[in-house]
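To start, the structure under review is shown below, and the notes come after it.
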Amino acid sequence: MVFSLTESPNTDLSQVRLTIRNLQPQLVQWRRYLHQHPEIGFQEYLTTEFVSRQLQEWGIKHETGIAKTGIVATIEGTQPGPVIAIRADLDALPIQEQNQVEYRSLHDGFMHACGHDGHTAIALGTAYYLSHYREKIRGTVKILFQPAEEGPGGAKPMIEAGVLTNPKVEAIIGLHLWNRLPLGTVGVRSGALMAAVECFRCTILGKGGHGAMPEQTVDSVLVSAQIVTALQTIVARNINPLDSAVVTVGELHAGKALNVIADTAHFSGTVRYFDPQYQGYIQQRVEEIIRGICQAHNAKYELDYWHLYPPVINDPGITSLVQSVATQVVETPAGVVPDCQTMGGEDMSFFLQEVPGCYFFLGSANPAKDLAYPHHHPRFDFDETALAMGVEIFVRCVEKFSQQA
Ligand code: NI
């Protein structure tokens with residue numbers, strides 16, 4: 001579709017804002033189309049087709065099929081300057097939507113329950129705006145539409161495909177619509193914003209037998225129970241109390257009858273922490289505890305432990321740029337929540353390991369409109385007013401960064 005950006009004769013501040021506010025109906029339309037057509041990681045074919053069609057219509061140079069279903073759009077300013085990247089994620093979740101809205105998911109069993117439909121719409125709006133104001137950009141803006149943020153992760157394969165090079169990206173920004181913050185706020189901080197994510201699966205191999213004759217068995221249930229309890233001592237006794245970490249066992253399965261001692265038990269869990277110094281250390285403690293307790297009870301174990309995403313760590317310089325832009329956009333310093341942190345994880349972290357940047361939360365909850373369900377909930381939805389705010393923050397960050405560099 002083609003529509004016109006209305007120019008305003010007012011100051012630059014109002015001009016940017018009014019122009020972007022005029023985009024709001026299109027942002028809502030794009031977001032709702034995407035919301036109706038959710039696709040999970042590395043299967044975002046309709047989604048990328050939609051994004052690509054828009055970019056093509058606006059004459060924006062872009063490459064598709066990167067890391068299977070990723071897209072990189074490149075917008076060159078009229079003057080030479082730095083290269084900044086904006087990152088959005090395309091994927092949805094295997095959740096059956098329970099919202100009764102007219103734009104509810106048309107794909108049974110799948111839903112944009114995390115707001116990535118909004119991220120893609122915001123990135124599209126930013127691309128649209130910037131491509132119409134190339135004279136305002138010094139340098140180049142790359143917009144990275146990545147697949148599979150919800151897992152197994154599309155950021156890493158995008159980096160391996162070279163999206164941060166040629167031209168070399170010097171700074172990167174990204175946002176997550178955030179229902180833990182009200183509409184009209186931005187949560188951002190320098191340093192760790194989101195936690196590292198590690199996962200494990202363990203099988204305890206005991207010896208089954210009669211529930212009344214335990215002396216002939218190795219009870220996998222008892223061994224697992226001790227391990228699950230002892231794993232909590234990692235956070236309580238191995239981590240510096242001034243740091244934050246979580247060890248959660250989310251699954252525990254064993255046994256089939258009340259009078260039979262189970263020969264095997266399975267449990268699995270996730271580990272979170274902010275400080276990269278704990279990478280490897282918590283894994284080591286998990287294995288030591290499992291090994292030690294199994295040894296004490298003559299059981300065996302199989303452990304599978306993997307590192308999903310590193311912590312999301314923001315660069316101080318780019319963060320203060322985002323903070324000052326956000327203050328301008330939300331129009332009140334109190335609207336910028338300074339020490340926002342969550343133990344949730346994000347593969348934006350891989351980009352931030354390569355390039356200085358900033359990831360931030362854009363408040364999107366509006367309880368008065370019943371738009372405050374948590375992310376990944378079957379009734380998750382957000383206040384679409386946040387879409388234009390997201391575009392404005394991105395656009396102003398690009399302008400400010402290219403002026404500073
Ligand atoms: Ni998400």
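The values are calculated or read from the model by the stated rules, or taken from the named source; none is laboratory data. The structure displayed is predicted, hence computed values, not measured ones. Counting neighbours? That spans all protein chains shown, and the Cβs are built from the backbone with ideal geometry, glycine included.
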Practice prompt. State yes or no: is residue 331 charged (D, E, K, R) and at pLDDT 95 or above?
Written response: no
Discussion item. Of the conditions (1) in contact with a helix residue (DSSP H, G or I) (Cβ under 7 Å, 6 or more places away or on another chain); (2) more than 11 Å from residue 34 (Cβ to Cβ), residue 133 satisfies every one except a single condition; which number is it?
Written reply: (1)
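Has segment 49-70 got any residue that is farther than 21 Å from residue 179 by Cα and within 16 Å of the chain's Cα centre (by Cα)?
The answer is yes, given that some residue of segment 49-70 is farther than 21 Å from residue 179 by Cα and within 16 Å of the chain's Cα centre (by Cα).
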Worksheet entry | Tabulated pairs, segment 339-366, first more than 17 Å from residue 276 (Cα to Cα), second of a type in the set (Lys, Arg), C-beta under 8 angstrom, 6+ apart or interchain | 339/189; 340/189; 361/180; 365/180
Worksheet entry | Tally of residues being closer than 12 Å to residue 192 by Cα and touching an Asp or Glu at 6+ places or on another chain (Cβ under 8 Å) across segment 322-347 | 1
Response to the item:
Over segment 364-379, the set of residues within 15 Å of the ligand (Cβ to nearest atom) and under 14 Å from residue 182 (Cα atoms) is 364, 365, 373, 374, 375
Worksheet item: So residue 154 clears everything in (1) of a type outside the set (Ser, Thr, Tyr); (2) surrounded by 21 or more Cβ atoms within 10 Å (Cβ to Cβ); (3) out of contact with any strand residue (DSSP E or B) (no Cβ under 8 Å at 6 or more places or on another chain) except one condition, right? Which one?
Response: (3)
Discussion item. Return the pair list, or none, for Cβ contacts closer than 7 Å from residues in segment 291-310 that are surrounded by 13 or more Cβ atoms within 10 Å (Cβ to Cβ) to residues that are in a loop (DSSP other than H, G, I, E, B) and of a type outside the set (Gly, Ala, Ser), at least 6 apart or on different chains.
Written reply: 309/346; 309/347
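Restricted to segment 140-167, and to residues that are small (Gly, Ala, Ser) and either at pLDDT below 95 or within 16 Å of the ligand (Cβ to nearest atom) (or both), which residue is farthest from residue 40 (Cα to Cα)?
Among them, the one singled out is 155.
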Response to the item:
Residues in segment 103-150 that are more than 24 Å from residue 345 (Cα to Cα), among the polar types (S, T, N, Q) and not in a loop (DSSP other than H, G, I, E, B) total 3
Worksheet item: Does residue 278 satisfy the criteria of being surrounded by 16 or more Cβ atoms within 10 Å (Cβ to Cβ) and within 16 Å of the ligand (Cβ to nearest atom)?
Response: no
Worksheet item: How do the strands (runs of 3 or more DSSP E) wholly within segment 273-387 filter down when requiring 1 or more residues that are among the polar types (S, T, N, Q) and closer than 22 Å to residue 120 by Cα: which remain?
Response: 312-314, 357-365
Discussion item. Within 16 Å of the ligand (Cβ to nearest atom) and either buried (at least 20 other Cβ atoms within 10 Å of the Cβ) or not aliphatic (A, V, I, L, M) (or both): which single residue out of 81, 118, 109 fits that description?
Written reply: 118
Worksheet item: Taking segment 125-148 as the region of interest, how many residues are acidic (Asp, Glu) and buried (at least 24 other Cβ atoms within 10 Å of the Cβ)?
Response: 0
Response to the item:
Scanning segment 188-206 residue by residue, those more than 27 Å from the chain's Cα centre (by Cα) and surrounded by fewer than 16 Cβ atoms within 10 Å (Cβ to Cβ) turn out to be 205
